[in-house]
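Encoded as C-alpha cells, the structure appears first; notes follow it.
Laboratory data are not the source of any read-out in this text; all were calculated from the coordinates shown. This one's a predicted model, so the numbers in the text were calculated from it and none came from an experiment. Here the Cβ positions follow ideal geometry from the backbone for every residue, glycine too, while neighbour counts run over all protein chains shown.
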Amino acid sequence: MPATRKTKKATKKAAKKATKKPVTKKPATKKAAKKVTKKATKKATKKKAAKKPPVKNPALAATGYWLMKSEPDAYSIDDLARDKSAEWDGIRNYQARNFMRDDMRVGDWVFFYHSNAKPPGVVGLARVCKTAYPDHTAFDPGSKYHDPKSDPANPRWVMVDVEFVEKFADPVSLEALKAELALAEMLVVQRGQRLSIQPVQRAHFEHVLTLAGARRGPRRRKRGAASSATRPQARA
C-alpha cells in the first residue's frame with residue numbers, strides 16, 4: 001500500500017530530527033557569573049535587613065526611676081543620711097552594670113531598698129548625683145569586690161554616686177509591695193527577680209511613695225534637667 005501523505009510527513013520530520021546537531025550549552029562567561037553572584041548577594045542582604053531586631057523586655061526599659069538594693073549591715077539608709085552622698089560600688093552583675101553605665105542620669109530618682117533584712121523593703125528615697133565612672137574597688141586586691149580581669153585601661157565595672165533625699169517614716173516591706181494589686185508587675189515582687197538595680201515604672205514609683213507617706217518625690221521635669229548643684233558630670 002502506498003504511503004499516505006501523513007506518513008510521508010512524519011518520516012520526513014523524523015529524518016530531519018536525526019540529522020540535527022545536538023545543542024550544547026555554552027559555559028557561563030565571567031561577566032554572567034558575576035551578575036548571578038551580585039544578584040544572590042543583594043537578595044541575601046535584603047533578606048537579612050528584613051529580619052527584625054530582638055525585642056527587649058519592656059520591663060527592663062530605663063524610666064528615670066530606680067530601685068537599688070543594699071544590705072543594711074553593709075550600707076544602710078542611715079549611713080547614706082549621715083554621708084549625704086555615696087559611691088554605689090561593688091556591682092558585679094552585667095545587667096545592673098549596664099543600667100548604671102548606659103541609662104542612669106543625674107537627677108534620676110532611686111528607692112533605697114534594704115535586702116537581707118527583717119523585713120526587706122523600701123526604706124527611703126535617694127537620687128543619682130553622678131553618672132557612671134570606673135569602679136575603683138575592682139582594681140584593689142584588698143577589696144572583696146576585686147576583679148583581677150578588670151583592666152584600668154578598659155574598666156569592666158562602673159559605679160554611680162547617689163545622694164540622700166529622705167528616710168521613710170513608714171518603710172514599705174516586700175510583703176506589703178506584693179499585697180498591692182497596682183504593683184503586680186513591679187520587678188521587685190516578681191519571683192526569682194534578684195537584680196540589685198532595677199528600673200521602676202513611674203506609676204509604680206508614685207504608688208510606693210504614697211504607701212510610704214513620702215514628703216518628697218519626683219517633680220514633673222525632663223530627665224537630666226538637674227539643678228545647678230547637680231549638673232551632669234563628664235564621664236571618665
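Values computed for the structure shown
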read-out: The stretch 123-130 - phi-based ³J(HN,Hα) in whole Hz, Karplus 6.51/-1.76/1.60, Gly and Pro as x; value: 10, x, 10, 9, 8, 5, 10, 8
read-out: Sorted peptide list for 206-213, 82-89, 172-179, criterion being average Cβ within 10 angstrom, highest first; value: 206-213, 172-179, 82-89
read-out: In sequence order, calculated HN-Hα J values of the stretch 93-100 (Karplus, 6.51, -1.76, 1.60; Hz; x Gly/Pro); value: 10, 5, 5, 5, 4, 4, 4, 5
read-out: Kirkwood hydrodynamic radius of the stretch 58-213, Cα pairs, Å; value: 15.9
read-out: Fully extended contour minus Cα-Cα distance, from residue 116 to residue 179, at 0.36 nm per residue; value: 20.7 nm
read-out: Karplus-derived 3J(HN,Hα), 6.51/-1.76/1.60, for each residue of the stretch 113-120, Hz, glycine and proline x; value: 10, 8, 9, 6, 10, 10, x, x
read-out: Burial order of peptide ranges 162-170, 121-129 (average beta-carbon count within 10 Å, highest first); value: 121-129, 162-170
read-out: Fully extended contour minus Cα-Cα distance, from residue 169 to residue 87, at 0.36 nm per residue; value: 27.1 nm
read-out: Interchain or long-range residues, amide H under 5 Å from residue 85's placed H; value: 164
read-out: Among 186-195, 64-73, the order from most to least packed when residues are scored by Cβ within 10 Å on average; value: 64-73, 186-195
read-out: Relative contact order computed over the stretch 58-213 (Cα-Cα under 8 Å; 6+ residues apart), in percent; value: 31
